[in-house]
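J.: Take this structure first; my questions come after.
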């Protein structure tokens, strides 16, 4: 990055709406932390979830995903069953510039409890709420706290804009709102 990373993220968020809502510093008191960090931004998980269930005996097929495989839940605490997962979304809406790319990693507070957060990179030109996959790898139920930190987005800035952005490709997850299921 050409300027200090946290200054670039702050400038892009406040002046160009790269992250909204945007928290200018880490919020830590009594919560799993979220907000601006040295080279990234710790995102919060919203209070809407899709919890995986096998009540209907469906098969997991990324080319033909059955929405009945999930139970919709809205609340301040989501309980993920043992050895299962849930989908959620970030509180924050992202608008990734054409000269930047991100990688997302789970927060260590959850990882140390066997709860893994997975997200694909946010490509140049992509925008939307980030859909998060939260896996409970333990044999016990696991709590996820809405409106608190869940993952960190790390930013990489290029000296030039990409030739073809996610928006240019008319990507299938462009401008997604809410928790978005797989598409082909």
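The values are calculated or read from the model by the stated rules, or taken from the named source; none is laboratory data. Predicted model only: the values in this text are computed from it and were never measured. Counting neighbours? That spans all protein chains shown, and the Cβs are built from the backbone with ideal geometry, glycine included.
J.: Any idea which of 124, 182, 82, 139 is in a loop (DSSP other than H, G, I, E, B) and surrounded by 16 or more Cβ atoms within 10 Å (Cβ to Cβ)? Walk me through how you get there before you give the answer.
T.: Details: 182 fails: surrounded by 16 or more Cβ atoms within 10 Å (Cβ to Cβ); 82 fails: surrounded by 16 or more Cβ atoms within 10 Å (Cβ to Cβ); 139 fails: surrounded by 16 or more Cβ atoms within 10 Å (Cβ to Cβ).
Within the list 124, 182, 82, 139, the selection yields 124.
Table: residues versus (1) farther than 29 Å from residue 29 by Cα; (2) modelled with pLDDT under 95; (3) surrounded by 15 or more Cβ atoms within 10 Å (Cβ to Cβ).
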residue	(1), (2), (3)
98	yes, no, yes
117	no, no, yes
145	no, no, yes
150	no, no, yes
164	yes, no, no
168	yes, no, no
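J.: I've got another one for you. Can you name the condition, by its number, that residue 70 falls short on among (1) modelled with pLDDT under 95; (2) in contact with a strand residue (DSSP E or B) (Cβ under 6 Å, 6 or more places away or on another chain); (3) loosely packed, with under 15 Cβ neighbours inside 10 Å; (4) over 24 Å from residue 33 (Cβ atoms)?
T.: For residue 70, the failing item is (3).
J.: Any residue at all in segment 106-114 that's in contact with a strand residue (DSSP E or B) (Cβ under 9 Å, 6 or more places away or on another chain), modelled with pLDDT under 95, at positive phi and not in a strand (DSSP E or B)?
T.: Checking segment 106-114: not a single residue is in contact with a strand residue (DSSP E or B) (Cβ under 9 Å, 6 or more places away or on another chain), modelled with pLDDT under 95, at positive phi and not in a strand (DSSP E or B).
J.: Let me ask something additional. Restricting to segment 14-52, what's the tally of residues that are without any contact (Cβ under 8 Å) to a residue 24 or more places away in the chain and either out of contact with any strand residue (DSSP E or B) (no Cβ under 7 Å at 6 or more places or on another chain) or farther than 30 Å from residue 156 by Cβ (or both)?
T.: 5
J.: All but one of (1) touching a strand residue (DSSP E or B) at 6+ places or on another chain (Cβ under 8 Å); (2) without any contact (Cβ under 8 Å) to a residue 60 or more places away in the chain; (3) crowded, with 21+ Cβ neighbours inside 10 Å; (4) more than 19 Å from residue 22 (Cβ to Cβ) hold for residue 134; state the number of the condition that does not hold.
T.: (2) is the only condition that residue 134 fails.
J.: Residue check: is residue 6 surrounded by 18 or more Cβ atoms within 10 Å (Cβ to Cβ), touching a strand residue (DSSP E or B) at 6+ places or on another chain (Cβ under 9 Å), modelled with pLDDT under 95 and not in a loop (DSSP other than H, G, I, E, B)? Reasoning before the result, please.
T.: On the way: surrounded by 18 or more Cβ atoms within 10 Å (Cβ to Cβ): yes; touching a strand residue (DSSP E or B) at 6+ places or on another chain (Cβ under 9 Å): yes; modelled with pLDDT under 95: yes; not in a loop (DSSP other than H, G, I, E, B): yes.
Taking the combined requirement at face value, the residue satisfies it.
J.: Right, next: Against the conditions (1) closer than 21 Å to residue 61 by Cα; (2) assigned to a strand (DSSP E or B); (3) in contact with a helix residue (DSSP H, G or I) (Cβ under 7 Å, 6 or more places away or on another chain), where does residue 155 fall short? Just the number, please.
T.: Every condition holds for residue 155 apart from (1).
J.: How many residues are within 20 Å of residue 36 (Cα to Cα) and in a strand (DSSP E or B) if we restrict to segment 142-152? I'd like the intermediate steps shown before the answer.
T.: Taking segment 142-152 and keeping what is within 20 Å of residue 36 (Cα to Cα), we get 145-152.
Keeping just the survivors that are in a strand (DSSP E or B) gives 145, 149-152.
The total comes to 5.
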